[in-house]
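K.L.:
Below is one structure. I have some questions about it.
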Amino acid sequence: MINVIDEISQRIGLGSILSLARKKMVPQHRHTIWYYMGGMLLFLLLIQLVTGPLLLFFYKPSADAAYQSVKEIMVNVPYGWLIRSVHHWSSNIMIVVVFVHFFSTLIVKAYRKPREITWLTGMLMLLLVLFLGYSGYTLPFDERAFFALNVGTEIPGAIPVVGKYAMEFLRGGATVGAHTLNRFFAMHVGILPLALLIVIGVHVLLVQLHGMSVPVSVEKEMKKKKKKILYKPMFPHLLWHDVVNCLILLGVVVTLAVLMPSGLDPDIDFLKPAPDGVKPDWFFLWVYQILKWIPTYVMGIEGEVFGIVVLSMVAGFIALVPFVDWKSQKNELSPIFTFIGVISLIVFVVCTVIGYL
Amino acid sequence: MSRFNIPGFMRLFSVTFLFLMVSFITIGTLTGFCTEQEISTLEAVEVKDDTDEGPVEITLSEVNKAREVSRIRVYGLIALWAIIILCVYLVNLQRKDDERLYQDGYYSKDDE
Amino acid sequence: MKLKESLLSRRWFLTGLIGGALTALTVYVVNPVVRFLFHKKKLPLPKAVKIAIADIDKMLPNSVSYFRYGYIPAVLLKTAEGDLRIFSAKCTHLDCNVQYKPKSKKFYCACHDGYFNDLGVNIKGPPPRPLPVFDMKMDGDQLIVTFDETKENNHV
């Protein structure tokens with residue numbers, strides 16, 4: 001019987017990769033469940049990379065044809081409603097899992113030495129995924145997309161000094177128009193996916209290099225009990241776990257796509273005022289709510305500017321957490337940063353819920 | 001060039017070939033190789049009768065109708081879950097088999 | 001007859017079952033994708049097209065003029081005797097637009113050196129079929145042109 005892997009290996013020298021794969025061991029403890037988030041994200045990205053180009057076959061990226069082409073996909077193209085809805089729900093679930101992955105890594109402190117660069121690439125990917133999600137829902141160029149483009153590109157305009165240039169770069173001009181759609185299309189379809197794939201490559205390589213991080217609390221507990229942490233091989237044992245997770249994830253995405261297919265808002269009317277209750281998509285509701293709470297002027301500075309600056313500083317602090325949390329660097333318990341992580345999660349969830357209501 | 005040990009006739013051949021290619025493209029372009037032809041056109045008006053509706057624009061109500069959850073879609077979803085559950089069950093069987101083999105030391109034999 | 005050894009190990013049977021189940025899942029998922037990709041848009045052809053006789057009269061004898069019939073580029077030939085003939089301008093070989101050579105009274109396709117005579121019949125080169133023919137009738141000062149897709153050689 002022909003062993004296909006052996007035959008391929010003889011031709012492209014898979015030997016070293018396969019022996020590395022055989023040696024990959026994954027620690028088993030009460031926080032093992034968080035290890036599966038990365039694999040799930042890769043699978044969701046695969047769904048996006050399949051359904052996205054499929055939609056590209058029928059989507060027309062110009063201001064006067066985009067809306068009609070999306071309607072065409074929904075009504076006339078066989079299973080167009082399904083492909084579009086799968087793309088939409090898969091992106092939403094991907095953002096949920098990205099946040100779960102982010103908060104779990106923050107709270108169990110998987111960012112400590114030598115995984116600082118892995119953390120930084122992860123932060124970069126979080127931003128890329130959020131921007132991919134945002135740019136995606138502007139492409140139908142319906143009423144909602146138009147308001148999203150106006151407000152979303154206005155916010156960077158509040159950044160001191162560079163704000164005006166950032167806004168004009170995103171819009172392709174001073175105001176939102178056909179040129180803005182072209183730009184967002186280029187970003188969503190080309191630039192952001194390419195950047196994401198490159199960063200994922202670096203991130204996954206580093207994860208394979210460093211292995212899986214074990215939380216300090218688990219290490220100390222096992223040391224206390226004088227027990228060794230159990231390790232299981234990735235291939236084939238835990239690969240089966242990943243396969244099961246991905247199958248269930250596929251089922252969930254398709255279920256949501258079938259029971260709650262993506263909709264479409266009315267066509268753009270430049271003169272129409274913003275409708276009541278207009279809000280950004282759920283993953284930006286926390287920013288929207290925080291900005292809503294900030295008064296018009298704070299210490300003489302415009303509230304919006306103050307809000308953006310403060311949020312940017314918080315994001316910067318979280319990005320630099322591996323370098324600031326010196327207790328974790330020394331492999332010691334760091335309750336202050338656990339507290340910061342838990343508070344960030346609570347703020348995120350509470351602000352999102354309030355923003356939704 | 002001498003590092004690659006290209007024989008003299010090959011060098012002569014490649015230089016001649018490149019020269020011919022360049023002159024072909026240059027002369028071809030200069031003599032109107034790729035120039036546009038002028039053609040005479042007629043204006044033709046399409047005949048439309050009363051039954052013609054013109055280009056049909058899809059309405060939002062049609063889009064919402066396409067989104068409706070029909071019975072066949074639910075059956076398709078149930079079928080998908082049936083296949084997924086079957087796959088998950090079989091994969092779990094395989095995983096348990098692999099764990100037993102691992103405990104028996106089967107997988108560590110590769111490293112010996 | 002009972003076999004002493006199984007022809008297929010339990011493990012291989014399970015692997016085969018998993019392979020089969022995953023293949024079934026793949027086929028189930030790929031089916032809507034394939035149907036999505038193979039959706040094609042059928043562009044409609046107009047019922048008829050009107051051309052002003054005055055414009056045709058301006059044409060020189062033994063010359064052609066081109067016009068659109070929906071998505072078909074069409075060519076109207078005014079012979080030396082003043083007869084009018086209308087053909088599809090798409091070469092029947094690989095769809096390049098043909099040109100008319102007045103000296104030889106032939107239609108010529110520059111892509112692969114195909115030739116059609118002034119009745120649209122393929123006479124030389126790779127074109128496998130004659131050029132599709134349009135029907136026409138006079139209606140006052142207009143020429144009404146129609147295309148019958150059911151006619152022999154008239155598939156575009």
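The values are calculated or read from the model by the stated rules, or taken from the named source; none is laboratory data. Values in this document were obtained by computation on a predicted structure and should not be read as measured data. A quick note on method: Cβ atoms are made from the backbone with ideal geometry, for glycine too, and the neighbour counts reach across all protein chains shown.
K.L.:
Consider the stretch A:76-117. How many of its residues are modelled with pLDDT of 95 or more, surrounded by fewer than 22 Cβ atoms within 10 Å (Cβ to Cβ) and of a type in the set (Ser, Thr, Tyr)?
P.N.:
Matching residues across the stretch A:76-117 total 1.
K.L.:
Take the residues in the stretch B:26-41 that are within 24 Å of residue C:68 (Cβ to Cβ), at pLDDT 70 or above and of a type outside the set (A, V, I, L, M, F, W, C); name whichever of them is surrounded by the most Cβ atoms within 10 Å (Cβ to Cβ).
P.N.:
B:40
K.L.:
Could you tell me whether the stretch C:85-98 includes any residue that is surrounded by fewer than 12 Cβ atoms within 10 Å (Cβ to Cβ), more than 11 Å from every other protein chain (Cβ to nearest Cβ), in contact with a strand residue (DSSP E or B) (Cβ under 8 Å, 6 or more places away or on another chain) and not aromatic (Phe, Trp, Tyr)?
P.N.:
no
K.L.:
How many residues does the stretch A:323-357 contain that are assigned to a loop (DSSP other than H, G, I, E, B) and either over 15 Å from residue A:215 (Cβ atoms) or modelled with pLDDT of 90 or more (or both)?
P.N.:
1
K.L.:
Determine, yes or no, whether residue C:100 is under 19 Å from residue C:67 (Cβ atoms) and aromatic (Phe, Trp, Tyr).
P.N.:
Considered against the rule, which asks whether it is under 19 Å from residue C:67 (Cβ atoms) and aromatic (Phe, Trp, Tyr), residue C:100 comes out as yes.
K.L.:
For the stretch C:73-106, name all the residues that are under 18 Å from residue C:145 (Cβ atoms) and in contact with a Pro (Cβ under 8 Å, 6 or more places away or on another chain).
P.N.:
Hits for the stretch C:73-106 are C:78, C:79, C:82, C:87, C:88, C:89, C:90, C:97.
K.L.:
Taking the condition of being more than 17 Å from residue C:79 (Cα to Cα) and not hydrophobic (A, V, I, L, M, F, W, C), how many residues in the stretch C:97-114 meet it?
P.N.:
Residues that pass the stated criteria total 4.
K.L.:
Of a type outside the set (Phe, Trp, Tyr), farther than 30 Å from residue B:64 by Cβ and under 19 Å from the mean Cα position of the chain (by Cα): does that describe residue A:14?
P.N.:
Judged against the criteria, residue A:14 is not a match.
K.L.:
Something else: Which residue is farthest from residue A:95 (Cα to Cα), if the candidates are limited to the stretch A:11-29 and must be surrounded by fewer than 12 Cβ atoms within 10 Å (Cβ to Cβ) and at pLDDT 80 or above?
P.N.:
Within the stretch A:11-29, the match that is farthest from residue A:95 (Cα to Cα) is A:11.
K.L.:
Residue A:111 passes all but one of (1) of a type outside the set (Lys, Arg); (2) in contact with an Asp or Glu (Cβ under 9 Å, 6 or more places away or on another chain); (3) not in a loop (DSSP other than H, G, I, E, B); which number fails?
P.N.:
Here residue A:111 meets the rest and fails (3).
K.L.:
Next question, about the same structure. Any chance you could count how many residues in the stretch A:30-59 are closer than 19 Å to residue A:181 by Cα and either among the acidic types (Asp, Glu) or buried (at least 16 other Cβ atoms within 10 Å of the Cβ) (or both)?
P.N.:
Going through the stretch A:30-59 one residue at a time, the tally reaches 4.
K.L.:
Which residue, of A:86, A:50, A:70, A:75, is within 19 Å of residue A:142 (Cα to Cα) and within 14 Å of chain C (Cβ to nearest Cβ)?
P.N.:
A:75
K.L.:
Has the stretch A:50-72 got any residue that is in contact (Cβ under 8 Å) with a residue 40 or more places away in the chain, more than 26 Å from residue B:64 (Cβ to Cβ) and in contact with a helix residue (DSSP H, G or I) (Cβ under 9 Å, 6 or more places away or on another chain)?
P.N.:
no
K.L.:
If you don't mind, another one. (1) free of Cβ contacts under 8 Å to residues at least 24 places away in the same chain; (2) surrounded by 16 or more Cβ atoms within 10 Å (Cβ to Cβ): which one isn't true of residue C:113, the others all being true?
P.N.:
Condition not satisfied by residue C:113: (2).
K.L.:
Shifting gears a bit: Looking only at the stretch C:9-43, count how many residues are farther than 30 Å from residue A:251 by Cβ and either surrounded by 10 or more Cβ atoms within 10 Å (Cβ to Cβ) or at the interface with chain A (Cβ under 9 Å from one of its Cβ atoms) (or both).
P.N.:
2
K.L.:
Could I ask something else about it? Check A:134, A:111 and return the single one that is over 30 Å from residue A:215 (Cβ atoms) and either more than 13 Å from every other protein chain (Cβ to nearest Cβ) or basic (Lys, Arg) (or both).
P.N.:
Answer to the check: A:134.
K.L.:
Here's something else I'd like to know. Output the residues belonging to the stretch C:73-83 that are crowded, with 18+ Cβ neighbours inside 10 Å and within 11 Å of chain B (Cβ to nearest Cβ).
P.N.:
C:74, C:75, C:76, C:78, listed by residue number.
K.L.:
Kindly list the number of the only condition in (1) farther than 24 Å from residue A:283 by Cβ; (2) at pLDDT 85 or above that fails for residue A:320.
P.N.:
(1)
K.L.:
Just a yes or no: is a residue in the stretch A:291-299 in contact (Cβ under 8 Å) with a residue 60 or more places away in the chain and among the β-branched types (Val, Ile, Thr)?
P.N.:
no
K.L.:
Now, a different point. I'd like to know if the stretch C:45-60 contains one or more residues that are among the β-branched types (Val, Ile, Thr), surrounded by 11 or more Cβ atoms within 10 Å (Cβ to Cβ) and within 14 Å of chain A (Cβ to nearest Cβ).
P.N.:
no
K.L.:
If we scan the stretch C:126-149, do we find a residue that is over 17 Å from residue C:76 (Cα atoms), surrounded by 13 or more Cβ atoms within 10 Å (Cβ to Cβ), at pLDDT below 90 and not β-branched (Val, Ile, Thr)?
P.N.:
The answer is no; no qualifying residue exists.
K.L.:
Name the single residue that is nearest to residue C:48 (Cα to Cα) among those in the stretch C:100-156 being among the basic types (Lys, Arg) and in contact with a strand residue (DSSP E or B) (Cβ under 8 Å, 6 or more places away or on another chain).
P.N.:
Within the stretch C:100-156, the match that is nearest to residue C:48 (Cα to Cα) is C:137.
K.L.:
Next question. Six or more apart or on different chains, Cβ atoms under 6 Å: show the pairs whose first residue is in the stretch A:231-252 and more than 7 Å from chain B (Cβ to nearest Cβ) and whose second is among the polar types (S, T, N, Q).
P.N.:
From the stretch A:231-252, the pairs are A:232/A:28.
K.L.:
I'd like to know if the stretch B:69-84 contains one or more residues that are assigned to a loop (DSSP other than H, G, I, E, B) and modelled with pLDDT of 90 or more.
P.N.:
Yes: the stretch B:69-84 contains one or more residues that are assigned to a loop (DSSP other than H, G, I, E, B) and modelled with pLDDT of 90 or more.
K.L.:
Further, regarding this structure: List the residue pairs whose Cβ atoms are under 6 Å apart, where the first residue sits in the stretch B:95-112 and is within 11 Å of chain A (Cβ to nearest Cβ), the second is surrounded by 11 or more Cβ atoms within 10 Å (Cβ to Cβ) and at pLDDT 80 or above, and the two are 6 or more positions apart or on different chains.
P.N.:
From the stretch B:95-112, the pairs are B:95/A:240.
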